[in-house]
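For reference, the structure is listed below as structure tokens.
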Amino acid sequence: RALEADIERGLPRGEFLLYLQPRVAAPSGTISGYEALLRWNHPVRGMIQPGDFIPVAEVSGKIIALGQFVLEEACRLLQGLEERLHVSVNVSPVQFRHPDFVRDIQDLLRRSTIDPSRLELEITESVLIEDDDHATAVLDQLKTLGLRIALDDFGTGYSSLSYLSRYPFDVIKIDRSFVDALGREDNATAIVRSIIDLGTALGLHIVAEGVETLDQARYLADAGCDELQGYLLGRPAAPELAIRQIDRDV
Ligand code: G
Ligand code: G
Ligand code: MN
Ligand code: NA
């Protein structure tokens, strides 16, 4: 595949970069951190979204080098950010299952001066389905290193609830489909409220994704959501632009 060879050539040439999307505390609206979202500034095709190259990178194994780049870049960005701010990165299932995953993160943290708790790994349920004992061991080791672990796209998988009790998550990110349905579908408010109550009862930090309207933000803040993320609060942007964005009221 041409795209596959392009990834290999583009990585050392600096064609990949992290965009940052703000996460804000609810209800204050103060920026608490950012989600890192990978972009590819391809010399011929222009800016390519991750949905168009991550699947190729996963099949070809290039996701390992890309994922390592993302983690290193996130640590580098964290060095330049205020110490109260965190950065979350998305971890591919292929990356998560690679035998060197934990060791590479350990090496990275040893080379860096950041507090590991400022780095959050977002994993989806697809990471956990395959092989429980391995996933449990990896998550336990990551926790021991001091990282925070988020369950991304919460509520979209098959057994979200059993995962919550089985694995040591710190954060759940409510999938944007639920946020989008707020005020439009009858059951949406009940579902969102139940997720927040359940997560809170389990001592988890609750983040809502895909917040686009002030009504959604107010509802989520009232229901006890800890952090909000979405176009209302800020779009993914190049780091130098994203970190210039100011806190806003919700
Ligand atoms: O950035 P966007 O706005 O288009 O992201 C689309 C999808 O790509 C999301 O599911 C997101 O989790 C995923 N994604 C974005 N950046 C990364 C990354 O650095 N690594 C992995 N594995 N997935 C990413
Ligand atoms: O799968 P994950 O949750 O990592 O995906 C993040 C994706 O969600 C990115 O593609 C990002 O651009 C997108 N995103 C972030 N905020 C919003 C939003 O408010 N609305 C919509 N539709 N997408 C969003
Ligand atoms: Mn994510
Ligand atoms: Na998500």
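Where a number appears in this text, it was derived from the coordinates with a stated rule and is not lab data. Small disclaimer: the values here were computed from a predicted structure and weren't measured. Glycine gets a Cβ as well: all are built from the backbone with ideal geometry, and neighbour counts include every protein chain shown.
Sorting 244, 166 from the fewest to the most surrounding beta carbons within 10 angstrom yields 244, 166. For the stretch 112-123, the Karplus equation 6.51 cos²θ - 1.76 cosθ + 1.60, evaluated at θ = phi - 60°, returns couplings of 9, 9, 6, 5, x, 5, 7, 9, 10, 9, 9, 10 Hz by residue, with Gly and Pro reported as x. Counted over the stretch 1-148, the DSSP beta bridges are approximately 55% antiparallel. The simple Förster model, with R0 at 41 Å and r as the Cβ-Cβ distance, assigns residue 240 and residue 97 a FRET efficiency of 0.75.
The alpha carbon centroids of the stretch 8-58 and the stretch 161-179 are separated by 23 Å. Each of 62, 173, 143 was scored by other Cβ atoms within 10 Å of its Cβ. Listed from fewest to most, they are 143, 62, 173. Basic side chains Lys and Arg get +1 at the Cβ, acidic Asp and Glu get -1 at the Cβ, and with that the dipole of the stretch 51-111 about its Cα centre reaches some 140 debye.
Would you mind computing, in nm to one decimal, how far apart the modelled labels at residue 8 and residue 28 are, each placed 7 Å from Cα along Cα→Cβ? About 4.9 nm, to one decimal. Residues whose amide H falls under 5 Å from that of residue 88, counting only those 5 or more places apart or on a different chain, are 34, 35, 36, 120, with hydrogens built in the peptide plane.
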